[in-house]
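Shown next, in structure tokens, is the structure this report addresses.
The values are calculated or read from the model by the stated rules, or taken from the named source; none is laboratory data. Computed from a prediction, not measured in an experiment: that's the story for all the values here. As a convention, Cβ positions derive from the backbone with ideal geometry for all residues, glycine included, and neighbour counts pool all protein chains shown. Ligands, DNA and RNA are excluded from the accessible area calculation, which covers all protein heavy atoms including side chains. Shrake-Rupley method; radii C 1.70, N 1.55, O 1.52, S 1.80 Å.
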Amino acid sequence: MDIVIELPDDPARPAYQRLAEAIRESILGGRFRAGERLPPTRVLAGNLSLARNTVLEAYAQLIAEGYLAARHGSGTFVAPDLPDRAFRAESIAANVARDGQGAPPRLSGFARRLVAGEVPTAIDEETQRPTDFEFRYGTPSFDEFPIDAWRTLTKRVLDYPPKELLGYGPTQGLPQLREALARYLQRSRGVRCDANQVLVVNGSQQALDVGARVLIDPGDVVAIEDPGYRGARAVFQAMGARVMPVPCDNEGIVVDAIPDEARVIYVTPSHQFPTGAVMSASRRLELLARASRTGAVIIEDDYDSEFRYEGRPLAALQGLDEGGRVIYTGTLSKVLLPALRLGYMVAPPSLQPAITGAKWLTDRHVALLYQAVLALFIDEGHFERHLRRMRKVYETRRSTLLTAFAEHFGSRAAITGTESGMHVLVNIQGVSDADSFIETARASGVGIYSARSYYLGSPPAGASFLMGYSSVNEDGIRRGIEILAKVAGTRP
Ligand SMILES: Cc1ncc(COP(=O)(O)O)c(C=O)c1O
């Protein structure tokens with residue numbers, strides 16, 4: 001190992017003393033840890049262009065001072081009983097002090113808007129410790145992930161990885177994955193696309209970011225659903241857009257309330273986030289007609305429509321679009337795992353060059369090995385098999401949740417958005433302080449989350465909660481709701 005040690009520039013002092021001082025400083029500064037092995041004297045002497053004797057003398061000095069210890073036959077080590085933590089704390093404190101000197105770096109307009117607004121990475125709930133019965137939105141059931149199939153396919157890819165998986169790859173994504181996704185989206189979601197229009201992204205959050213980059217200048221109007229998805233709102237705000245909240249009813253976004261000057265309209269038509277409303281066919285046509293009249297681009301976020309339990313599935317809005325006005329995005333986070341960071345984006349051909357360019361600038365492309373595994377996973381039928389299975393699992397969890405609410409809360413709980421997805425919106429009457437309700441529930445082992453922050457305008461009366469049920473098993477759902485009922489005082 002080459003080692004970087006700078007000797008103090010003081011020709012009046014012998015080199016061994018300067019070297020000893022530099023090593024001592026490195027130990028105190030936390031660059032060497034207690035017990036760590038130092039380079040052999042011959043190696044260090046070669047690295048620093050010093051005589052070996054100089055290094056021997058420096059080591060001997062530090063051994064005498066107690067900083068180093070020699071172990072016969074195995075080398076020289078930082079003394080194991082040095083209070084390692086204290087030294088590192090000291091070095092961190094020194095760095096912080098150094099950083100505190102002078103003015104902080106100037107932030108760009110983007111960063112200023114980002115930190116002034118809502119930064120979803122800082123959302124408290126993401127950093128909270130999970131409770132016993134965690135009704136957090138958006139987490140699939142980890143236990144049901146088909147790990148064996150995924151492992152077999154990963155091994156197959158890794159056993160003989162073709163060269164094209166080991167270097168830089170195509171920005172849009174691996175051709176085999178784009179083909180597989182295009183076929184799946186045509187077949188299951190009625191998306192009209194060919195593989196050339198599919199861009200593989202690191203989760204659909206990246207699709208929102210890339211879409212916003214290529215469509216929005218500071219000051220442009222973006223219409224978003226209210227209530228709506230915070231991760232989208234934050235992207236548009238950070239980009240400097242004038243974000244206009246548009247109300248939603250039980251057919252989705254109220255098209256007449258969309259401002260004519262909106263350049264971009266962000267919608268979740270298959271399962272409005274968070275209310276769960278499904279956009280009616282007539283509303284879809286109305287929205288498309290509006291966009292084509294005003295020249296707006298619609299971003300359709302189809303984040304969880306794979307899980308539909310009631311009624312006929314409605315095809316994606318994108319499939320009805322005749323004018324190339326819709327960017328369609330979807331994610332593997334809900335149907336497989338969020339940790340994979342895999343999503344896709346289908347854009348009209350006119351936007352392809354800009355979108356591909358923006359994606360390249362951000363991160364060149366998504367990791368190729370997992371793209372290859374996912375392509376096999378889809379092509380060999382695992383994906384749709386998994387979907388069929390999970391639909392049943394989540395449907396059972398959903399009915400368990402609805403039954404438990406009916407049993408314990410009766411008419412005090414109004415539940416919406418039950419037709420599809422992995423969450424419902426629950427409004428509980430008689431809870432005067434939602435925050436303390438959430439806190440008491442947490443203390444009793446139940447994690448629930450307020451829906452308030454999804455509303456830009458005024459939230460509905462009473463206490464509303466966004467309840468994900470996908471990662472809690474049936475027994476957990478029953479026990480969790482029973483505890484909630486006790487907290488709410490509907491049960492002794
Ligand atoms: C409505 C909606 N859109 C997009 C996303 C982003 O998902 P991901 O970036 O994991 O694909 C989420 C995640 O929860 C979501 O709820």
Among the residues that make up the range 322-332, is at least one of them within 14 Å of the ligand (Cβ to nearest atom), in a loop (DSSP other than H, G, I, E, B) and open to solvent by 30 Å² or more (accessible area, probe 1.4 Å)? no
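Let's see how each residue does on (1) at pLDDT below 95; (2) outside the structural domain of L287 (by TED's automatic domain parsing); (3) over 21 Å from D301 (Cα atoms):
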{"residue": "L332", "(1), (2), (3)": "no, no, no"}
{"residue": "Y344", "(1), (2), (3)": "no, no, no"}
{"residue": "Q352", "(1), (2), (3)": "no, no, no"}
{"residue": "K359", "(1), (2), (3)": "no, no, no"}
{"residue": "T362", "(1), (2), (3)": "no, no, no"}
{"residue": "V373", "(1), (2), (3)": "no, no, yes"}
{"residue": "F377", "(1), (2), (3)": "no, no, yes"}
{"residue": "T396", "(1), (2), (3)": "no, yes, yes"}
{"residue": "A404", "(1), (2), (3)": "no, yes, yes"}
So L177 clears everything in (1) away from the ligand (no atom under 16 Å from the Cβ); (2) touching a residue at least 12 places away in the same chain (Cβ under 8 Å); (3) outside any loop (DSSP other than H, G, I, E, B) except one condition, right? Which one? (1)
In the range 280-321, how many are among the aliphatic types (A, V, I, L, M), at pLDDT 95 or above and either within 16 Å of the ligand (Cβ to nearest atom) or touching a Gly at 6+ places or on another chain (Cβ under 6 Å) (or both)? 4
Taking the range 46-85 and the residues there that are acidic (D, E) and assigned to a helix (DSSP H, G or I), the one that is least open to solvent (accessible area, probe 1.4 Å) would be D84
Hand me the list of strands (runs of 3 or more DSSP E) wholly inside the range 379-470 holding 2 or more residues that are open to solvent by 10 Å² or more (accessible area, probe 1.4 Å) and in contact with a Leu (Cβ under 7 Å, 6 or more places away or on another chain). 413-416
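Please state which one of L287, L314 is assigned by TED's automatic domain parsing to the domain that holds V201, among the hydrophobic types (A, V, I, L, M, F, W, C) and not in a loop (DSSP other than H, G, I, E, B).
Values: L314 fails: not in a loop (DSSP other than H, G, I, E, B).
Result: L287 is the single residue among L287, L314 that is assigned by TED's automatic domain parsing to the domain that holds V201, among the hydrophobic types (A, V, I, L, M, F, W, C) and not in a loop (DSSP other than H, G, I, E, B).
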Sort through A111, A103 and tell me the only one that's part of a loop (DSSP other than H, G, I, E, B), modelled with pLDDT under 90, out of contact with any Ser or Thr (no Cβ under 8 Å at 6 or more places or on another chain) and closer than 30 Å to V235 by Cβ. A103
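Are any residues in the range 227-246 of a type outside the set (S, T, N, Q) and in contact with a strand residue (DSSP E or B) (Cβ under 6 Å, 6 or more places away or on another chain), and if so, which ones? Steps first, please.
Filtering the range 227-246 down to residues of a type outside the set (S, T, N, Q) leaves 227-236, 238-246.
Passing the criteria: A232, R233, F236, A241, R242, V243, M244, P245, V246.
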